[in-house]
Amino acid sequence: MDSDDLKRSEIITRAKGGSSSFSPPWQADRTKIQRMAPLEYIGRYMKRFFDYAFADELHQLANDTAQGNNLSVLRRCARKLIGNTGTMMGGYASDLFHILYRMEPWKMVEAGFEAGSQGQSDFQAAYGVL
């Protein structure tokens with residue numbers, strides 16, 4: 001996919017013959033027109049678009065949070081995902097489970113760990129303390 005094929009902006013025409021204006025699809029405005037968050041746009045329209053994606057402070061993305069879930073979006077949009085952290089884990093195998101599952105889910109499935117609490121329990125039994 002060529003970057004010229006991607007939708008980067010739109011023209012908004014106000015009701016009742018009003019004026020038209022240019023707007024990026026993610027910009028916040030006062031008219032309450034629904035916009036897409038930048039990462040949602042990237043995840044929806046730019047799969048495998050980037051060569052590399054970088055995630056800093058990876059240990060903060062371990063839990064089931066919006067930021068952690070967005071790590072999966074970055075992985076889908078780049079050919080390679082590079083994670084940086086000074087604190088790999090908080091001392092629990094479950095922290096690593098979420099990071100590894102988001103970065104390479106196919107390898108976790110290959111290793112026999114399913115997504116969710118059962119997979120996390122199995123991972124902790126194999127690599128951590130119950």
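The values are calculated or read from the model by the stated rules, or taken from the named source; none is laboratory data. Just so it is clear, the structure is predicted and the values come from calculations on it, not from any experiment. Heads up, the Cβs are rebuilt from the backbone with ideal geometry, glycines too, and the neighbour counts pull from every protein chain shown. Heads up: the accessible areas ignore ligands, DNA and RNA and are worked out on the full protein's heavy atoms, side chains in. Shrake-Rupley method; radii C 1.70, N 1.55, O 1.52, S 1.80 Å.
Distance between the modelled labels on Thr13 and Asn69, one decimal in nanometres: 3.6 nm (7 Å Cα→Cβ projection). Rounded to whole numbers, the Karplus 3J(HN,Hα) couplings from phi for the stretch 68-81 are x, 5, 5, 4, 5, 5, 4, 4, 6, 9, 10, 6, 9, 10 Hz, using 6.51 cos²θ - 1.76 cosθ + 1.60 with θ = phi - 60°, and x at Gly and Pro. Note on surface exposure: Phe54, Phe49, Phe113 rank Phe54, Phe49, Phe113 by accessible area, highest first, 1.4 Å probe.
Quick check: from the Cα gyration tensor, does the stretch 35-90 come out rounded (a/c under 1.5), prolate or oblate? Oblate.
Would you please classify the overall shape of the stretch 78-130 from the alpha carbon gyration tensor, given that a ≥ b ≥ c denote the square roots of the eigenvalues, rounded means a/c under 1.5, and beyond that prolate means a/b larger than b/c while oblate covers the rest? It comes out oblate by the Cα gyration axes.
The heavy atoms of Tyr45 present about 100 square angstrom of accessible area, all protein chains included, probe 1.4 Å. Counting only heavy atoms of the protein chains and using a 1.4 Å probe, Lys107 has close to 110 Å² of accessible surface. With the simple spin-label model, which puts each label point 7 Å out from Cα in the Cβ direction, the Glu114 to Tyr127 separation comes to 2.0 nm.
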